[in-house]
Amino acid sequence: MTTALIHERLQSQLAFHTEIDKLKRVIRRNSLIDGSRRENDAEHSWHLAMMAMTLAEHAPPETDISRVVAMLLVHDIVEVDAGDTFIYDPVAVEGQAALERAAADRIFGLLPEDQGARLRGLWDEFEERRTPEARFAKALDRLAPIIANHHNEGGTWPLYKVTARQVMEKVRLIEEGSPTLGEYAARLVAGSVAQGHLAP
């Protein structure tokens, strides 16, 4: 590879990193567990990657945890363009897929072709949930807000009038990726209802 090509490749890689720095400015609906402020997308992605490593024993047998971690680090990059979509807002969710695909095309397209294709492939895999790795990654993505809301007197649930029935629909996605974590999430939902922090 010539010096010019190396420089061009480096410029593409750094352009991507400059762009994804904006993820730190995308504020999510969920608060931190202590309720002190809302979390941003970069914090969320890092926290999920740590959950994948520490909760790996609850993944399906033979799950490639390094692939799960990689998926979780890229899964919300598209929100630089598309913004955070509140999963309990049916109108926002309806248009989410098209916005996020366009964002994936643009942002992963900043990278050299080989790296862009690899990261885009991880993002697509996460979205499609066809592999054990993707289902486990999605389970963690759905579990984290439930944990935060449970520890924060319902967090965003009462604010947006979310019901236990709606949350339990997300718990089914957790169960698909990890029956153990799905069972745990269901207990948190029941506990939040019992404490009056989540409407039945």
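The values are calculated or read from the model by the stated rules, or taken from the named source; none is laboratory data. No experiment lies behind these values; they were computed from the predicted model shown. FYI the Cβ positions are ideal-geometry reconstructions off the backbone, even for glycines, and counts take in every protein chain you see. To get the accessible areas, we keep the full protein, side chains included, count just its heavy atoms, and leave off ligands, DNA and RNA. Shrake-Rupley method; radii C 1.70, N 1.55, O 1.52, S 1.80 Å.
Quick check on A52: is it open to solvent by less than 40 Å² (accessible area, probe 1.4 Å) and touching a residue at least 12 places away in the same chain (Cβ under 8 Å)? Quick ask: steps written out before the conclusion?
On the way: open to solvent by less than 40 Å² (accessible area, probe 1.4 Å): yes; touching a residue at least 12 places away in the same chain (Cβ under 8 Å): yes.
Yes.
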By residue number, the members of the stretch 127-138 that are out of contact with any Asp or Glu (no Cβ under 7 Å at 6 or more places or on another chain) and either under 25 Å from L99 (Cβ atoms) or open to solvent by 10 Å² or more (accessible area, probe 1.4 Å) (or both) are E127, E128, R129, R130, P132, A137, K138
Tally time: how many residues in the stretch 144-159 are outside any loop (DSSP other than H, G, I, E, B), in contact with a helix residue (DSSP H, G or I) (Cβ under 7 Å, 6 or more places away or on another chain) and not aliphatic (A, V, I, L, M)?
4
Could we say that I33 is of a type outside the set (S, T, N, Q), within 16 Å of V78 (Cα to Cα) and open to solvent by 30 Å² or more (accessible area, probe 1.4 Å) here?
no
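Right, A97: touching a helix residue (DSSP H, G or I) at 6+ places or on another chain (Cβ under 9 Å), crowded, with 17+ Cβ neighbours inside 10 Å and part of a helix (DSSP H, G or I) or not? Full working, then the answer.
Numbers: touching a helix residue (DSSP H, G or I) at 6+ places or on another chain (Cβ under 9 Å): yes; crowded, with 17+ Cβ neighbours inside 10 Å: no; part of a helix (DSSP H, G or I): yes.
When the stated conditions are applied, A97 does not pass them.
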Can you tell me which residue within the stretch 100-118, out of those that are of a type in the set (D, E) and either surrounded by 13 or more Cβ atoms within 10 Å (Cβ to Cβ) or under 16 Å from the mean Cα position of the chain (by Cα) (or both), is nearest to N30 (Cα to Cα)?
E100
Residues being without any contact (Cβ under 8 Å) to a residue 24 or more places away in the chain, of a type in the set (S, T, Y) and in contact with an Asp or Glu (Cβ under 8 Å, 6 or more places away or on another chain) - total across the stretch 1-45
0
